[in-house]
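Written out below as structure tokens is the structure these notes cover.
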């Protein structure tokens, strides 16, 4: 059914907003490595949801209003916990992450409670403004948590279900991914990183640099 020798009850959460071009491909590719995909339509105004393949191993959560990536991730991860999955993957819908690298993250969950993909060992394809933003936020989060945070902005992650059960996020934007790092660190959860590919194409980022940076600062000093 998939390419992992031991799937160990894995669900992948894929939040999306107007990703009709890529959503079918990312879901089909991800299903090769997990038991279930939880696709979260965060108020898409295109036909993204209609592109999702019919499959009993896919759960679609569809919301009428666009509330933000943090909201979509929270809803998807909580759904995974409710369904009883023990390991949860988050992966973006725009093909910036390679599903065939899911086993790298799952393997590292043997040693950590949260595993985050690290793109910063290969910066050739990363836009300069994203590179600088990531390095700054990762440095500040390292100071905040007292842990070495390498790639704070990567959405390709693996979580043990107990982390999601015990950490409640409230942020609805991209700052939610920093929020969970801070709250997990406070509770003593082990955070690790594993190298993944750095992929940037012609996709238009939905992240507003100024708004995201402002929200990050609020999270940092909360």
Exactly one of (1) in a helix (DSSP H, G or I); (2) in contact with a strand residue (DSSP E or B) (Cβ under 9 Å, 6 or more places away or on another chain); (3) under 23 Å from residue 172 (Cβ atoms) is unmet by residue 94. Its number?
(1)
Within the stretch 1-41, how many residues turn out to be farther than 17 Å from residue 87 by Cα and modelled with pLDDT under 95?
1
Checked against (1) at pLDDT below 85; (2) surrounded by 14 or more Cβ atoms within 10 Å (Cβ to Cβ); (3) over 17 Å from the mean Cα position of the chain (by Cα), residue 141 satisfies every condition except (1)
Could you please let me know if residue 104 is more than 17 Å from residue 198 (Cβ to Cβ) and in contact with a strand residue (DSSP E or B) (Cβ under 9 Å, 6 or more places away or on another chain)?
no
Looking only at the stretch 46-90, count how many residues are surrounded by fewer than 22 Cβ atoms within 10 Å (Cβ to Cβ) and either free of Cβ contacts under 8 Å to residues at least 40 places away in the same chain or in a loop (DSSP other than H, G, I, E, B) (or both).
27
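Would you call residue 155 under 22 Å from residue 15 (Cβ atoms), in contact with a helix residue (DSSP H, G or I) (Cβ under 7 Å, 6 or more places away or on another chain) and either part of a helix (DSSP H, G or I) or modelled with pLDDT of 90 or more (or both)?
Here the answer is yes, as residue 155 does meet what is asked.
The values are calculated or read from the model by the stated rules, or taken from the named source; none is laboratory data. Remember, it's a predicted structure, so these values are computed and weren't measured experimentally. Neighbour counts run over all protein chains shown; Cβ positions are idealised from the backbone, glycine included.
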